[in-house]
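Undergrad: If you scroll down you'll find the structure; I have some questions about it.
The values are calculated or read from the model by the stated rules, or taken from the named source; none is laboratory data. Since the model is a prediction, treat every value here as computed from it, not as a measurement. So basically every Cβ, Gly included, is an ideal-geometry build from the backbone, and we count neighbours across all protein chains shown. Surface accessibility is based on the protein's heavy atoms, side chains included, excluding ligands, DNA and RNA. Shrake-Rupley method; radii C 1.70, N 1.55, O 1.52, S 1.80 Å.
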Amino acid sequence: MTGIQIVLRTLHDGERALERELLAAADRHRVEHEFHHVARDIARWSHEHAERIAHAAEPHDLHLPGPTDQPEAAPPMATVREPLGRTLGRQPNPGLLLLRDLRDLHLAATENSLSWEMLAQVAQAAGDAELLDLAAACHPRTLRQLRWTNTMIKTLSPQLLASL
């Protein structure tokens, strides 16, 4: 496997994972309307990125699955664990869960941002204008995902953590 193939596969898997995590977090925090709607909106960016990466990988003899129209559901244990925990009287603090989700989303977006940077560098070194254009088109959206999670963490952390 070439370096370009490795970066394309890593980035494709990362964008698909970020889309799933954003949609799952949006569902978990439905009552936080702003979070819910923005998370769903920016999940679409990751969906589009994965689609564009799969298309760009074909000339590099790399066949990546396109994003699914219906993102994978949450793992079965996760769907059972939360209601079971509530039934047993162990209800996690929703604010802390939101902060944990934001932290995880931020880390996933950071990983993707680094992969976009690596793709741009290897594309430039290889003189591959198509991959360079792909990175130039998609990386700014990933940076916006990062800024959004960072802003939400900065806004919510003081209030949520000081109230514990």
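Undergrad: Any chance you could give the angle, 0 to 90 degrees and rounded to 10, that helix 3-28 forms with the longest Cα principal axis of the chain?
TA: Tilt of helix 3-28: around 20 degrees.
Undergrad: Work out from phi, with θ = phi - 60° and the Karplus expression 6.51 cos²θ - 1.76 cosθ + 1.60, the ³J(HN,Hα) of each residue of the range 143-159, listed in order in whole Hz, and give x for Gly and Pro.
TA: 5, 5, 4, 4, 4, 5, 5, 5, 5, 5, 5, 5, 6, 8, 4, x, 5
Undergrad: What angle do you read, to the nearest 10 degrees and between 0 and 90, between the alpha-carbon axis of helix 76-87 and the longest principal axis of the chain?
TA: The angle comes out at about 20 degrees.
Undergrad: Where Rh denotes the Kirkwood radius from the mean inverse Cα pair distance, what is Rg over Rh for the chain? Mind showing how you got there, number by number?
TA: Working: Rg = 17.7 Å, Rh = 17.0 Å.
My calculation puts Rg/Rh at 1.04.
Undergrad: How would you order 131-138, 94-101 from highest to lowest mean count of nearby Cβ atoms within 10 Å? List each step's numbers first, then the result.
TA: On the way: 131-138: 18.8, 94-101: 15.9.
By packing density, highest mean first, the sequence is 131-138, 94-101.
Undergrad: Additional query: Please give the peptides 150-163, 108-121 ranked by average Cβ packing (other Cβ atoms within 10 Å per residue), highest first, as a rough proxy for protection. Show your work: numbers first, answer last.
TA: Details: 150-163: 12.4, 108-121: 19.6.
Those peptides, ordered most packed to least, come out 108-121, 150-163.
Undergrad: Could you work out what % of the accessible surface of the chain is carbon and sulfur, using a 1.4 angstrom probe and leaving DNA, RNA and ligands out of the count?
TA: Numbers: 5380 of 9640 Å².
Its accessible area is 56 percent carbon and sulfur atoms.
Undergrad: For the chain, what does the accessible surface come to per residue with a 1.4 Å probe? Please give it in Å². Please report the intermediate quantities before stating the final value.
TA: Numbers: 9640 Å² over 164 residues.
Using a 1.4 Å probe on heavy atoms only, each residue of the chain averages 59 Å².
Undergrad: Okay, next question. Which value in deg cm²/dmol, rounded to the nearest 500, describes the helix-derived mean residue ellipticity at 222 nm for the chain, given -39,500 (n - 2.57) per DSSP H run of n ≥ 4 and division by the residue count? Present the calculation step by step, with values, prior to reporting the outcome.
TA: Details: 5 runs with 130 residues, N = 164.
Helix contribution divided over all residues of the chain: -28000 deg cm²/dmol.
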